[in-house]
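What follows is calculated from the coordinates using simple rules that are stated; it is not laboratory data. As the structure is a computational prediction, the values presented were derived from the model and not from experiment. Cβ sites come from the backbone with ideal geometry, for glycine too, and all protein chains shown count toward neighbours.
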Amino acid sequence: MDELKWELLSEVQGRLEAEFIKSYMEAQGIEVLLFQESLGQSSFVVSVDGLGRVQIFVSKEQAAEARRLLEEYNNSKE
C-alpha cells in the first residue's frame, strides 16, 4: 500500500461493518481500501486477539471529508 496516498480513517470490528462504511463512503465519491489480516477474514465473526479488526484507509486528499462522513455515519446509528 502506498503510504503517501492513503490515510487510516478508522478500525472497526468485523468485515461486515467495514463493508457498510466502505459502501457509504464510495457512494459519496470517497476512495476506500480495507485491510484485514488474512486469518481474520471469515464469514463468521472473529474477535480473538483482534483478528476480526478491519482497518479502513481513505485517500489523503479526501481524508477530511471522509472523517466528516464517518461522524455522520456513526451518528445515524444512534
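Run the numbers for Glu19 and Tyr73: contour at 0.36 nm per residue of separation, minus the present Cα-Cα distance, in nm. Spell out each step's value before the answer.
On the way: separation 54, 0.36 × 54 = 19.44 nm, distance 1.28 nm.
18.2 nm is the gain from fully extending Glu19 to Tyr73.
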TODO: Could you pull out every one of the lysines with an alpha carbon less than 24 Å from that of Lys5, ignoring same-chain neighbours closer than 8 positions?
DONE: Lys22, Lys60
Open item on the list: Could you order the peptides 55-63, 19-27, 69-77 from most to least packed, using the average number of other C-beta atoms within 10 Å per residue?
Closed with: 55-63, 19-27, 69-77
- [ ] Output ³J(HN,Hα) for the stretch 54-70: one whole-Hz value per residue in order, computed from phi by the Karplus curve 6.51 cos²θ - 1.76 cosθ + 1.60 with θ = phi - 60°, and x for Gly and Pro.
- [x] 10, 8, 10, 10, 10, 4, 4, 5, 10, 4, 4, 5, 5, 4, 5, 5, 5
